Every structure is written in structure tokens, then in C-alpha cells.
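What follows is one structure encoded as C-alpha cells, with my remarks underneath.
The values are calculated or read from the model by the stated rules, or taken from the named source; none is laboratory data. Note that the structure is predicted; figures quoted are calculated from it, not measured. No Cβ is skipped: glycine too gets one built from the backbone with ideal geometry, and neighbour counts run over all protein chains shown. Ligands, DNA and RNA are stripped out before the accessible areas are found, and what is left, the full protein with its side chains, is counted by its heavy atoms. Shrake-Rupley method; radii C 1.70, N 1.55, O 1.52, S 1.80 Å.
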Amino acid sequence: MLTRRELLAIASRLGMAAVLQPLTLTRVFAQPTFSKDPFTLGVASGDPWHDNVILWTRLAPEPLTGGGMPMVNVEVDWEIASDDGFRNIVRQGTATARPELGHAVHVEVTTLQPGRDYWYRFHAGKETSPVGRTKTAPAPGVGGDQLQFAVCGCNHYETGYFTGFRRIAEEHFDFVIHTGDYIYEDPPAVQTKRPNVVRQHHSDEPYSLTDYRNRYAQYKTDHDLMAAHASAPFIVTSDDHEVDNDYAGVSDEHDTPVEIFLLRRAAAYQAFYEAMPLRAAAIPSGPDMRLYRRLQFGRLLDLEMLDTRQYRSRQACGRLLESHCPAAADPSRTILGAAQERWLFDQLGRSRATWTVLGQQVPTFRRDAVATTPNGRYSMDKWDGYTASRSRLYARLKEMKGTNPIVLSGDVHVHYGADLKIDFDDPRSATVGTEFTNTSLTSGGDGLDVATAWEKIRGDNPHIKYHSARRGYVACTATSQTMRADFKVLDRVTVRDAPIRTAGSLVVEAGRRGSSPA
Ligand code: FE
Ligand code: CA
């Protein structure tokens, strides 16, 4: 039982007008009265199955300074309806927002109908959240007409407005895949001297759980980002900046002792779980978080979500752009880790859908980034730095029958469409699949239609069929006949509300590896 003094402390923390009812609650503080909106971070849904989806919110009346909640459990009611006016509520219940998780709520709603739109909202005390729309996956074995999904990532808060998220919201996708860099861990631009920013991070570089919570909260209070989450279920993975730039498994870029870095990784992973509409399987255990998982969309599409950060070997050759690095091909080095690679190859062997999509962070295809030497130069942070892992993956993709592999990636802040070659030195070698790399939503600022170095490097990258160095996202349409990628761009992210346009499109035909311009 709480003492009267403790209750009064809680009440004043919540800005309560008066202490309520028989306050005999020890575990759950059922009916708080908020003096400020606790739903400042909006709502989200994620990881849709055919009968089941995750609904998310986090109570944070003071979002930028730890959340502002008292350290007690709080009941949050949720409801999900088949109409946006909530006349036909199909499920409802009560979840507990716990201090251990920063008062985040992850509700797993079961026994839903497949391939259906739903609307959901939360109530805490007398406050009601914004409404979100979500959608379940098609029923198992069902072909379905088409699936439309966005692929996005790299939304640096300082370098642009999140107009791309607003445009994603307007498209009402079946789902949205986020390939990582949902936050950036940089200190404010006033400290880093980053030029051309449109707004600033509000706090120093995050290290503690509270630091990371506040950083996610700053991003999530953006109304364009909130609108994207409220428009469709998100399927997320995490790249480097959710923890620290270019970290690799247990190592960061500053040679911090492993056991020290893992304390930071644990804090960052917990904040990531708290901030994302993830299933309970992703609840971190210390510095470990299971993000790789399979989602199925009828007979049309199997999605293997991967984690190329947590289990990878350290980058080879110690530097980021290398022209000659034998260690990059060392078969004992890995980007997926042995367990995830085994899991993935097993999943791929069982894939029967028209499309098998790998959702992951960094480009798998060879990318000569600076053609200054006869050998070219390659980023050791991408699969180019883990070529034995790539050879094993591509060999596995080549073996697959009756399904078409599509790889998704982000991270490099350029749109690419690339055909995946079993031997990138031999243009006549087998094409094992096609990759769509989403440019950043904002990272890097406005960008250019053509990357500065493109004319110099295009001859060395004949498998790259499309590129744009603007900001935006990829809109994919999957049918039983084709997978189409529309590369969406915004000409400006440093001004608000720029329009979106399709700068180019590629199509892959079912049963045929490799892409062609649409
Ligand atoms: Fe990025
Ligand atoms: Ca990245």
C-alpha cells in the first residue's frame, strides 16, 4: 500500500486536481488525472500478422525530460475497431504502462481478420490518444491482388523536415519498412558545427537509457513522423545510429572496452524496444535484442527482417573506404553472425511465396564509391566489407526455386536499384536478385538529382540500374506478376511541405531475376 504522503507526491507529479478515490492501489494506478496530454508521442502499430498486430503508445506528459510519469504502473485502455468512427469496436482491453519500460505499452491484439483495415486508440485517465490506422496481412496461402509498402530510413532530425513521413502517411500503405537510423546519436549541431541544419537535437550525445528515451521522444514529437506511424503498421530494424555511428557487434568506433560499450548498447536497445511497435520477442536481455524475424503476407510475399549490426565482426582494415583489403574476404568474418545466417538460410529454403524480401540495413551489392584507383574503393561498413558473407548469401539466393528474391537496404543516403551478381566482375554471370536501397528521409540535407561522383563511378557499377541522391523513400508494389519500385523524392527537405515526385521506377518480373526500367 502506498502511504498518503506517497500518493500526494504522485498526485502532484501528475498535476492532479485532487487525490482520487480509494487510493489503495499498490501495483496499478488505475485512474490518473493528467494536467498535460500524456499521448505526446502519438500511436503506432507494427509487425502485422494475418490475425494479429502490435499496438503501441508511450505515456509521456513531459516527453523531452524523462517522460514526466510517476514511478508506478498505470492502466491504459485500448480499443480497435473496424471503422474509423469506432462504431464497431472488435476488441478492447487494458494494458499496464510500467516504469520499467518508460511507460511504453505494446499490446498484442489477437483474433483479427486477415487483410483488413482497423483503427485503434488508447485511453489513460480521462485522456484519449490520437487514432491510428493499421492493417493485417493477407490470410496464409492467399494470393491477394497486391501489396503496397514503403521502404524508408535515415531520418536525421537536424538536417531536414520529416515531410517524407507526411507523404508516406498520405499513401496509406499496407505496411512501412524502416531500415534503420530512426534516430541519430549526435550532440546538437551547435556543438558539432554541423552546417545547414533546420533544427537542433535538444540534448547531448545519449549514453543512458533516459538519454536515449529523450532522443526518441524528440523525434517522435514530430507531427509528420507521428502521422506516418498512425497511417500504417511499421516493420522496423535498427542500424548503427540507434546506438553509435558505425558500431559493429560489440565494438564501437572509439575502441571503448567491450564490457563498457555493451552497457551503452543495452541502454540503446531498451530505448529502441520501448519506442517501437515490436513484439515481446524483441524485449532486450541485457545488451541482446532479437530483431531478426519472418513476416508472411499470404502467398504473395515472405519478409525476412534481418539485423546486420548486432552480430557482425568488426569492420576490416580499420578504415571505411578501402581499395584492397584481403581481410574483407576472410570467411571467418561475418555480417549476420552464425546463428542468424543459419536461421535465414533455413527460412529461405522454406519460402514458397512469389516474392522473398530481405529487409535489412546496409547495401549487399558491390558499390565502388570512389573510382580513384584501378581497383575502386569500397565501404568496409557494408557487405563490401564482408564479401564471404555476401558470397554465401548470393549462392543461397541462386539456389532458390519458385520465388524471387528482393533485397532492401538503406544507410547510404542514395536511392539505388541494383541487380545482384554472383560475380560482380563478370556482367554475364548469374543475377541472383534485385536490391532496392532507400535514400535517406532527411540525412544529408536536400541532396542532388545526380550524385557528384556518379559519372566517374557508373562504369565501375554496371549492375546499378538506378540512382538518385535526393531525399525520399521507395514505394513498392508487389503483385503475382511484378515487383515495382517507385523511387520517390523531395526536391527540398530544408523547407517544409515540399511535394513528392517519382524520380524513377524499376520492375522485376516474377520468375525472372533482374530488373528493368518501368
Ligand atoms: Fe543514416
Ligand atoms: Ca547507418
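One Cα centroid belongs to segment 136-158, the other to segment 379-457; the line between them spans 20 Å.
Tell me the carbon and sulfur percent of the accessible area for the chain, rounded to whole percent, probe radius 1.4 Å. The nonpolar share, carbon plus sulfur, comes to 50 percent. In order along segment 503-516, the phi-based Karplus estimate (6.51 cos²θ - 1.76 cosθ + 1.60, θ = phi - 60°) of 3J(HN,Hα) comes to 8, x, 9, 10, 10, 10, 8, 4, x, 10, 7, x, 10, 9 Hz; Gly and Pro are listed as x. Taking all protein chains into account, the per residue accessible area for the chain stands at 38 Å² (1.4 Å probe). Specify the angular offset, from 0 to 90 degrees and rounded to the nearest 10, of the alpha carbon long axis of helix 209-220 from the longest principal axis of the alpha carbons in the chain. The helix 209-220 is inclined about 80 degrees to the chain.
If you wrap segment 235-279 in the convex hull of its Cα atoms and look at it from every side, the mean projected area works out to 3.2 nm². Pair-distance distribution of segment 421-518: all C-alpha pairs, bin width 5 Å, starting at 0; shares per bin in whole percent are 2, 12, 20, 20, 19, 14, 8, 3, 1, 0.
Label-to-label distance, Ser480 versus Gln113, with points set 7 angstrom from Cα along the beta-carbon direction: 2.2 nm.
When the P(r) is computed for segment 347-493, the part past 19 Å accounts for 53% of the Cα-Cα pairs. Grouping the Cα pair distances of the chain into 20 Å bins from zero gives a pair-distance distribution of 23, 57, 19, 2 percent in increasing distance order. Helix 387-399 axis versus longest C-alpha principal axis of the chain: approximately 90°, rounded to the nearest ten.
The angle separating the long axis of helix 338-349 from the principal Cα axis of greatest extent in the chain is about 80 degrees.
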